[in-house]
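This report refers to the structure that appears directly beneath it.
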Amino acid sequence: MSPASPVLPPSPSEALSNIATQIQACAEQAGITGRLAELGLTARPAFLKAQKVIGHKLIMRNATVADASYIVALRTDEQKSRFISTTSVDVKPQEQWLEKYACDDKQIYFIIQNMEGGDIGTVRLYDQQADSFCWGSWIIQAGSANSSSIESALMVYHYALALGFQSAHFDVRKGNESVWKFHERFGAKKNGETAEDFHYSIAASEISSSLSRFAKFLPSGIQIQF
């Protein structure tokens, strides 16, 4: 009996093709084109609020008024609040913001959870500019699994590509070195700065490349539930 031939990993081009197929299948399974048509939107991209986006070890669920206390606690944490906009400790303004958000089709605000249903962070997609989206309000609470940051970033990009976006843009505080280095490892390019922030953008090719390179953190892509 001759020995079995070794299973070779896919080539870079095959891996990228697999990612593209995975994203297309995700969009089709979620019925994104049909949902956009129901809203009178004939072309992608556009923001669609999913009730849940399910990944490998994480879930992103749409934020509601009931999440106000958690969001305030997270955003006013001494360590986590150093590089984000100031948030009041009063929960009422956050509840009012979330009430308005429920009717806002220009952004998507997710609570990040582990598979046990525990809340571990937040992330927001907003500021659509043609086929580019901005993302931020990205906070992972202390004590979460080490893979949570990279998986949640991969989930954001996978979801955005399924919606039809082709690039992303965002700002990072200059002092938040670990985060801007993280984005640069993903392929984000610095294209400007202010006294406080670095400005970045990342193209679909770099996003797909990162989805391929870090596929072990999101091996089966995502499942979208509306």
Helices from the chain with mean Kyte-Doolittle at least 1.6 and a Cα length along the axis of 30 Å or more, per DSSP H: which? none
For residue 109, what accessible area in Å² do you get when you roll a 1.4 Å probe over the heavy atoms of the protein chains, rounding to the nearest 10? 10 Å²
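At 222 nm, what value in deg cm²/dmol follows for the chain if DSSP H runs of at least 4 each add -39500 (n - 2.57) and the sum is divided by all its residues, to the nearest 500? Each step should come with its number before you reach the end.
Numbers: 7 runs with 81 residues, N = 226.
The helix-only estimate for the chain comes to -11000 deg cm²/dmol at 222 nm.
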Charged-residue dipole, Cβ positions (Lys, Arg, Asp, Glu), segment 102-226 about Cα centre, Debye nearest 20: 380 debye
Carbon and sulfur: what percent of the chain's accessible surface (1.4 Å probe)? 51 percent
With all protein chains present and a 1.4 Å probe, the order of 21, 42 from largest accessible area down is 42, 21
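Any idea what the dipole of segment 30-140 comes to, in debye rounded to 20, about its Cα centre with Lys/Arg Cβ at +1 and Asp/Glu Cβ at -1?
220 debye
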Given 153, 18, 133, which one lies farthest toward the positive end of the charge dipole of the chain, if we put +1 on the Cβ of every Lys and Arg and -1 on the Cβ of every Asp and Glu? 18
Under unit Cβ charges (Lys, Arg +1; Asp, Glu -1), what dipole magnitude, rounded to 20 debye, does the chain have relative to its Cα centre? 300 debye
Placed amide H near residue 197: partners under 5 Å, 5+ positions off or other chain: 174
At a probe size of 1.4 Å, how large is the accessible area of residue 211, to the nearest 10 Å²? 10 Å²
Using the heavy atoms of the protein chains alone and a 1.4 angstrom probe, what is the accessible area of the chain per residue in square angstrom? 53 Å²
Lysine pairs in segment 173-226 8 or more apart or on different chains: how many have alpha carbons under 15 angstrom apart? 4
Give the accessible area for residue 137 in Å² (nearest 10); use a 1.4 Å probe, count only protein heavy atoms, and leave out ligands, DNA and RNA. 30 Å²
For residue 24, put the label point 7 Å out on the Cα→Cβ axis and report which residues of segment 175-206 keep their amide N under 19 Å from it. 204-206
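Find the relative contact order for segment 59-136 and round it to a whole percent, using C-alpha pairs within less than 8 Å whose residues are 6+ positions apart. Walk me through the numbers on the way to the answer.
Values: 102 pairs, mean separation 23.0, N = 78.
Once normalised by length, the contact order is 29 percent.
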Candidate residues 64, 87, 33, 122: accessible-area rank, largest first, probe 1.4 Å: 33, 64, 87, 122
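The values are calculated or read from the model by the stated rules, or taken from the named source; none is laboratory data. Please read all numbers here as calculations on a predicted model, not as lab measurements. Cβ atoms come from the backbone with ideal geometry, glycine included; neighbour counts cover every protein chain shown. What goes into the accessible areas is simple: the full protein's heavy atoms, side chains included, and nothing from ligands, DNA or RNA. Shrake-Rupley method; radii C 1.70, N 1.55, O 1.52, S 1.80 Å.
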